[in-house]
1. How many residues does the stretch 67-103 contain that are farther than 24 Å from Val164 by Cα, of a type outside the set (Gly, Ala, Ser) and surrounded by fewer than 24 Cβ atoms within 10 Å (Cβ to Cβ)?
2. Could you count how many residues in the stretch 39-66 are assigned to a loop (DSSP other than H, G, I, E, B) and open to solvent by less than 20 Å² (accessible area, probe 1.4 Å)?
3. Find the strands (runs of 3 or more DSSP E) located wholly in the stretch 182-239 whose residues include 2 or more that are at negative phi and open to solvent by 20 Å² or more (accessible area, probe 1.4 Å), and list them.
4. Going residue by residue through the stretch 177-198, is there one that turns out to be under 18 Å from His235 (Cβ atoms), within 16 Å of ligand 1 (Cβ to nearest atom) and without any contact (Cβ under 8 Å) to a residue 12 or more places away in the chain?
5. For the stretch 136-150, give me the residue count where each residue is open to solvent by 20 Å² or more (accessible area, probe 1.4 Å), over 21 Å from Thr108 (Cβ atoms) and of a type in the set (A, V, I, L, M).
6. Are any residues in the stretch 168-181 more than 18 Å from Asp147 (Cα to Cα), assigned to a loop (DSSP other than H, G, I, E, B) and of a type outside the set (Lys, Arg), and if so, which ones?
7. Scan the stretch 45-62 and give yes if some residue there is touching a residue at least 60 places away in the same chain (Cβ under 8 Å) and within 16 Å of ligand 2 (Cβ to nearest atom), otherwise no.
Amino acid sequence: MTIVIKTPDEIEKMRIACRLAAEVLEMIEPHIQLGITTNEINDICHDFIVNTQQAIPAPLHYRGFPKSICTSINHQICHGIPGGKRLKKGDIINIDITVIKGGFHGDTSKMFFIGEPSVLARRLVNITQEALFLGIKQVKPGARLNDIGSAIQQFAEANNYSIVREYCGHGIGREFHEAPQIVHYATPDRGVTLQPGMCFTIEPMVNAGKRSVKVLPDGWTVVTKDRSLSAQWEHTLLVTDNGCDILTLRKEERKLA
Ligand code: MF3
Ligand code: CO
Ligand code: CO
């Protein structure tokens, strides 16, 4: 698989799809409350994407995924399937949104707290977000993919957390998952050199305990083997002439970027 360098016209479409994905996370925030089910969250997002945004929820039927968003709670790492379980006090939840608009994908996720999180949960969530932004800071023409993974791994492990290795970021565009893979740990190889016009996600999954994962019998939900808490944040990026644009940036994050 070769890496697609987006044309100016394709970049315009990426900007639109990514803005919509970010807006779904902004829209859903007031609904993430004690007692709501992940099915209800799914349905609100689905209706907003389809009816208001006139876009397509990319996860629905993607390789057989049954719902329109992913919801991953507590020790669930990623790809959680929305269901009838109600959110309870102290839960942490990742909501991962991918929309298709004008033939292009925008992919982004964030963590939410239900009520007051434990000290550990808050720290894990904040460190993971910081790790994402440290990775983003590496993104500019001439940098290597390994600069991203190294920065993220170093920071997470310095805080005594572990990085999930089985799942990674990815090129994105007309396809949901394009080349290259963006791993969140250091590799012996420096990896691909970044060029303007590349679009990819960074989406570190950070565990409070060991890095080992397990997939539940539903075939999708990925959990920590030791049942430790896990957090994830994701943005879609465009490499520009002098750095990168965070295409899925939300208003609340402008101070971080
Ligand atoms: N949004 C996820 C990612 O960041 C992929 C979800 S695939 C699904 O790459 F099928 F589970 F939706
Ligand atoms: Co992604
Ligand atoms: Co995603």
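1. So the answer is 7.
2. Here is the first cut: in the stretch 39-66, the residues assigned to a loop (DSSP other than H, G, I, E, B) are 53-55, 58-61, 65-66.
Okay, now just the ones that are also open to solvent by less than 20 Å² (accessible area, probe 1.4 Å), so 53, 55, 58-59, 65.
So the answer is 5.
3. 213-215
4. So far as the stretch 177-198 goes, yes, one or more of its residues are under 18 Å from His235 (Cβ atoms), within 16 Å of ligand 1 (Cβ to nearest atom) and without any contact (Cβ under 8 Å) to a residue 12 or more places away in the chain.
5. Just the residues of the stretch 136-150 that are open to solvent by 20 Å² or more (accessible area, probe 1.4 Å), to begin with: 137-138, 140-142, 144-147, 150.
Those left that are additionally over 21 Å from Thr108 (Cβ atoms): 141-142, 144, 146-147, 150.
Checking which are of a type in the set (A, V, I, L, M) leaves us with none.
Of the residues in the stretch 136-150, 0 are open to solvent by 20 Å² or more (accessible area, probe 1.4 Å), over 21 Å from Thr108 (Cβ atoms) and of a type in the set (A, V, I, L, M).
6. Of all residues in the stretch 168-181, those more than 18 Å from Asp147 (Cα to Cα) come to 172-178.
The next check asks that each one be assigned to a loop (DSSP other than H, G, I, E, B); those that pass are 172-177.
Once the filter is applied, which keeps residues that are more than 18 Å from Asp147 (Cα to Cα), assigned to a loop (DSSP other than H, G, I, E, B) and of a type outside the set (Lys, Arg), the stretch 168-181 yields Ile172, Gly173, Glu175, Phe176, His177.
7. Taking the stretch 45-62 first, the residues touching a residue at least 60 places away in the same chain (Cβ under 8 Å) are 58, 62.
This time we only want the ones that are within 16 Å of ligand 2 (Cβ to nearest atom), so: 58, 62.
Scanning the stretch 45-62 turns up at least one residue that is touching a residue at least 60 places away in the same chain (Cβ under 8 Å) and within 16 Å of ligand 2 (Cβ to nearest atom).
The values are calculated or read from the model by the stated rules, or taken from the named source; none is laboratory data. The structure presented is a predicted model; accordingly, all values stated were derived computationally and were not measured. Reconstructed Cβ throughout: ideal geometry from the backbone, glycine too, with neighbour counts over all protein chains shown. Just the protein is used for accessible areas: all its heavy atoms, side chains included, with ligands, DNA and RNA removed. Shrake-Rupley method; radii C 1.70, N 1.55, O 1.52, S 1.80 Å.
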